[in-house]
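I have placed the structure first, in the form of structure tokens, so that the comments after it can refer back to it.
The values are calculated or read from the model by the stated rules, or taken from the named source; none is laboratory data. Note that the structure is a prediction, hence the values are computed from the model and not measured. Cβ sites come from the backbone with ideal geometry, for glycine too, and all protein chains shown count toward neighbours.
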């Protein structure tokens, strides 16, 4: 390497120093709340209220207090069951709808899709009372179906699958039809494997939304015994009353956050590819 090239490389590195400093600061700001959550879960309520940011020695005590006050195992199992069922159902239905809307065009389907997009502008609270009456009429309150059914077909996921389906090679479909493959076979044998990054991104979004849902489960899961409560409902119970144990509360928040963190870190590569519309 010549002296001129070395000088150019050194000059570029110096110009990038402010960028690196900015990225380090932004990364620290982004990660600090996560760190503080872990640290607060190991401190008592006095230290948390004082803003202590170092790890303490009360993790085991906070965990014992949490499990004594709330049924942590039931809350975790309920949330996992509801979120998993909703994710699987939403992926199948929304991907099938996106596949149909994009690869089988006609003017009536396009108009229906426009109506579907308009539904994205309707706030959830506007549909909550009609949905509650429907669930009550069908005797589905306090069941997994009351949680899942309103969310298994969302306009956002359908639009996401339709947009990413535009990268799906049409020639493969035509070749499969010549070989005698049915339309359902094309969907399961070709579309689904090719669009796996989109499925991963949709799975992360759906699972996180289902796991963190609070308002709708609070409305339809009205069982006084608490057998159907989810983790967000459990966390809300910890903050009720005249005195809040912040150590116990942060321990509950930590347990509530771990599953979504695991799902995201496992699928983060596929999530990035699916959001950008990558098709392999």
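Being out of contact with any helix residue (DSSP H, G or I) (no Cβ under 9 Å at 6 or more places or on another chain) and not assigned by TED's automatic domain parsing to the domain that holds residue 221 narrows it down to one of 53, 21, so name that one.
The match here is 21.
In the list 207, 191, which residue meets the criterion of being farther than 20 Å from residue 37 by Cα, at pLDDT 90 or above and touching a helix residue (DSSP H, G or I) at 6+ places or on another chain (Cβ under 9 Å)?
None of the others qualify; the one that does is 207.
With respect to residue 244, is the statement that it is more than 30 Å from residue 167 (Cα to Cα) and out of contact with any strand residue (DSSP E or B) (no Cβ under 6 Å at 6 or more places or on another chain) true?
Considered against the rule, which asks whether it is more than 30 Å from residue 167 (Cα to Cα) and out of contact with any strand residue (DSSP E or B) (no Cβ under 6 Å at 6 or more places or on another chain), residue 244 comes out as yes.
For residue 54, indicate whether it is outside any helix (DSSP H, G or I), modelled with pLDDT of 85 or more and over 22 Å from residue 243 (Cβ atoms).
yes
Determine which single condition residue 180 fails, assuming it passes every other condition in (1) within 25 Å of residue 101 (Cα to Cα); (2) touching a helix residue (DSSP H, G or I) at 6+ places or on another chain (Cβ under 9 Å); (3) outside any helix (DSSP H, G or I).
(2)
Within the stretch 150-168, which residues are buried (at least 18 other Cβ atoms within 10 Å of the Cβ) and either in contact with a strand residue (DSSP E or B) (Cβ under 7 Å, 6 or more places away or on another chain) or closer than 19 Å to residue 82 by Cβ (or both)?
150, 151, 152, 154, 157
Which residues, taken from the stretch 217-235, are farther than 19 Å from residue 132 by Cβ and at pLDDT 85 or above?
231, 234, 235
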